[in-house]
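Beneath this line is the structure, given in C-alpha cells, with notes to follow.
The values are calculated or read from the model by the stated rules, or taken from the named source; none is laboratory data. Since this is a predicted model, take the numbers as computed values, not measurements. Please note: Cβ atoms are built from the backbone with ideal geometry, for glycine as well, and neighbour counts cover all protein chains shown. The protein model used for the area step is the full one, side chains on, heavy atoms only, and it has no ligands, DNA or RNA in it. Shrake-Rupley method; radii C 1.70, N 1.55, O 1.52, S 1.80 Å.
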Amino acid sequence: MSPSIAPMAPFDLIIFGGTGDLALRKLLPALFHRYVDGQIVSGTRIFGLARDTLGDGDYRDRVREALQKGLADDPRSPAALEPFLEMLSYRRIDLSADTGWPELASELPDESRVRVFYLAVGPDLFGSVGARLQAHGLTGENTRVVVEKPIGHDRASAVAINDALGAVFHESQIYRIDHYLGKETVQNLIALRFGNALFEPLWKAEHIDHVQITVAETVGLERRASYYDKSGALRDMVQNHMLQLLCLVAMEPPSSLAADAIRDEKLKVLRALRPIENGATAQQTVRGQYRAGAVEGRPVPGYLEELGRNDSRTETFVALKAEVRNWRWAGVPFYLRTGKRLSDRMSEIVVTFRQVPHSIFGELAEPIYPNQLVIRLQPDEGVKLWLMNKVPGPGGLRLRRVPMDLSFAETFGGRQPEAYERLLMDVVRGNPMLFMRRDEVEAAWGWIDPIRAAWEASAEAPKPYTAGSWGPSAAVALIERDGRTWHEDAV
C-alpha cells in the first residue's frame, strides 16, 4: 500500500454545522471515499453537530441520501456505505449557549487521540466556538480546528478572528482551509517547477511575457444569496483562491517541502504585490454584474432577479492586473479573472512565454505563437504545453501550434480524489503545508482592502454583462490595452 493511502490511526472528527450544505455535499462524501480506500479505519468516530432535533438514525438517513448520488464513482462504494454510516453520530448543540456542550465533552475524554473540530459555520462564530471548546476542556495537545473562508471581510476583521482563535489554540493547531490548494493540479505546479530542470531556469521575467489566472463559473447564486451579496467576487474568490494560486506561481523555490518553508515564500509574494489604490484602481481593475442571458443553452435570470432586489452594487465578476515587485517578476503582469454566469466552467493558470525574437520561416508559416504552459485545475485536470510544430507532408516548412497534453484522467486512470479528501487527511496527520497561515490571510486582505475601498468610494456601479458571456467588455480592454488577450481556447 502506498504512503498516500496508508491507514490512519482511529481519530474523532466533529463537524459543527453537520447538517449543512458543506458537510453533506463535500465533507462527508470526502470522508466516505477515504473510508472506501482504506485510509479511515474502524474505531474512527464522526460527529455531526447542529441545532436540529435528530437521532443518530435520522442523521444517517440524511447522509445516506447525500452519499448515494456518488456511489457510481467506485464499484466498492455500495458495500462500504452501511459500515461507514455506523461511524456517524449526531449531537444537538447550541453554539450560543451551554446546551449539549457537557455531553459532547463526556464523549471525547481521550486526549491522546487526535480530534478534529471542523467549523462549517459562519466566521462570526469561530471565536465563541473556540472559547466554549476551551471552557469544556476540549483543546488538548492533539486537537486541531479547521475553519472555512471567509476569514473576515477585511484585514481588521481577519485580525480579530485570528486573535480570537489564537487565544484558544496554538497557530500549529489552526487549519485555515482553501480547497483549491488540495487540487492535484495545484500541487502539481510545485512538482512541475521544482521537480524538472526544464521550467525553473525559464521561470522569470527574461522569458515569461505574462501570466493569466482564470476561475470561471457558470452557476449563479444557488443557495448563497445572503452571503454572496455581502461578499462579492473580490472577497469570495480573489482574496483567497486566486491570490493563493498567484503565490504558488510566483514564489521563490522553498528550502524544502516543510509547511513553513513554503508558506514563508508565499508570504513574500503577497508582500511584494504592488498596491492597487487611488487612481490605479480604475485602470487596473474591472468589476461586473451579470444580467439575464443563456448558460449552457438555457435561459437564466440576472443577478438582481436571483437576489430578489431592485438594486445591488455587489460584483459577480472581477478582472485585475497585478504586479509582483521583485527581481524575478519585474515587468511581468499577472492578469486575474473570475466570475459567475460565465460562458464556461473552468479554472486554469496560463503562463505565456516570450515570443521568439525573429522568425526564419517566411510566409509559409502560420504566425509564430508564443509557447504557453496551461495548467487546468477543473473540470478536466491536466497540463498542456503549447508548441510550434511542423505540419507533416510536402509543401514546405509549414508550422502549426499544437499541444503536448498531459491529462490526469488518461495518464493515471481511475477516480481522481476530491480536494477535501486530501485536505482532511492532512489535518488528521498534522500536516499544515496546504493551509494558510495567519500572516498570509492578513497580508492578502491588506492588498485587497484598498481595491474594495476605492470601489466603495466611486459612484460607478459594476459594469453589466450578459450571462453566458466572458464578462464585461471592459475586462477585454484591460488586457488588450497591453497588446495581449484572454486565453479562452478549450481545445
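Distance between the pseudo-spin-label points of ASP21 and GLU111 (7 Å out from Cα toward the beta carbon): 3.9 nm. Expressed as a whole percent, the accessible surface of the chain that belongs to carbon and sulfur atoms is 53, based on a 1.4 Å probe. The value of relative contact order for the chain, using C-alpha pairs under 8 Å at least six residues apart, is 17 percent.
If R0 is taken as 51 Å, the Cβ-Cβ distance between GLU141 and ARG481 corresponds to a FRET efficiency of 0.40.
Using R0 = 22 Å, the C-beta based FRET efficiency linking LYS69 and GLU296 works out to 0.65.
Residues ILE451, ILE161, ordered by accessible area of protein heavy atoms at a 1.4 angstrom probe radius and largest first, appear as ILE161, ILE451.
Binning the C-alpha pair distances of the stretch 290-334 at 5 Å intervals from 0 yields a P(r) profile of 5, 17, 16, 12, 10, 9, 10, 9, 10, 2 %, listed from the shortest bin outward.
For ASP98, the accessible surface of its heavy atoms amounts to roughly 90 Å² (probe 1.4 Å, protein chains only, rounded to the nearest 10). Computed over Cα pairs, the Kirkwood radius of the stretch 261-390 leads via Stokes-Einstein (0.890 mPa s, 25 °C) to a diffusion coefficient of 131 µm² per second. I'd like to verify something in the chain: which complete DSSP H helices, judged by Cα projection on the helix axis, reach 24 Å or more and average at least -1.0 on the Kyte-Doolittle scale? Taking the DSSP H segments of the chain (at least 24 Å long, mean hydropathy at least -1.0), we get 438-457. Approximating the spin labels as points 7 Å out from Cα along Cα→Cβ, the ALA282-to-LYS390 distance works out to 5.4 nm. Solvent exposure of the chain amounts to 43 Å² per residue of accessible area, where only protein heavy atoms count and the probe is 1.4 Å. Taking 7 Å steps out from each Cα toward its Cβ at GLU488 and HIS170 produces label points 5.1 nm apart. Sparse packing (at most 12 other Cβ atoms within 10 Å of the Cβ) combined with a DSSP loop state is found for the following GluC sites (Glu not before Pro) in the stretch 355-464: GLU460. Rg and Dmax of the stretch 160-302, both derived from C-alpha coordinates alone, stand at 18.7, 51 Å.
Of all aspartates and glutamates in the structure, those lying under 19 Å Cα to Cα from LYS390, and not within fewer than 8 positions of it along the same chain, are GLU363, GLU366, ASP405. A straight chain from ARG224 to HIS207 at 0.36 nm per residue would run longer than the Cα-Cα distance by 1.9 nm.
Mean projected area of the Cα convex hull of the stretch 433-491, taken over all directions, amounts to 7.4 nm². So which lysines pass the test for LYS183, namely a Cα distance under 18 Å, with those fewer than 8 places away in the same chain ruled out? Straight-distance partners of LYS183: LYS26, LYS149, LYS266, LYS384.
Considering only Cα atoms, the convex hull volume of the stretch 73-166 works out to 138 Å³ per residue.
By the Kirkwood approach, averaging reciprocal distances over each pair of separate Cα atoms, the stretch 1-139 gets a hydrodynamic radius of 15.7 Å. Taking all Cα-Cα distances within the chain, those exceeding 31 Å account for 49%.
Scanning residues 5 or more positions from ASP209 or on other chains, those with amide H under 5 Å from its amide H are THR352, PHE353, ARG354, with H placed 1.01 Å from N in the peptide plane. Computed over neighbours whose Cβ is under 11 Å from that of ARG34, the net charge equals -2, Lys and Arg +1, Asp and Glu -1.
For the pair ALA459 and ASP439, a Förster radius of 25 Å applied to the C-beta separation gives a FRET efficiency near 0.10, rounded to the nearest 0.05.
Note that the stretch 222-323 shows a convex hull volume over its alpha carbon atoms of 152 Å³ per residue. The convex hull around the C-alpha trace of the stretch 361-491, projected and averaged over every direction, spans 14.3 square nanometres.
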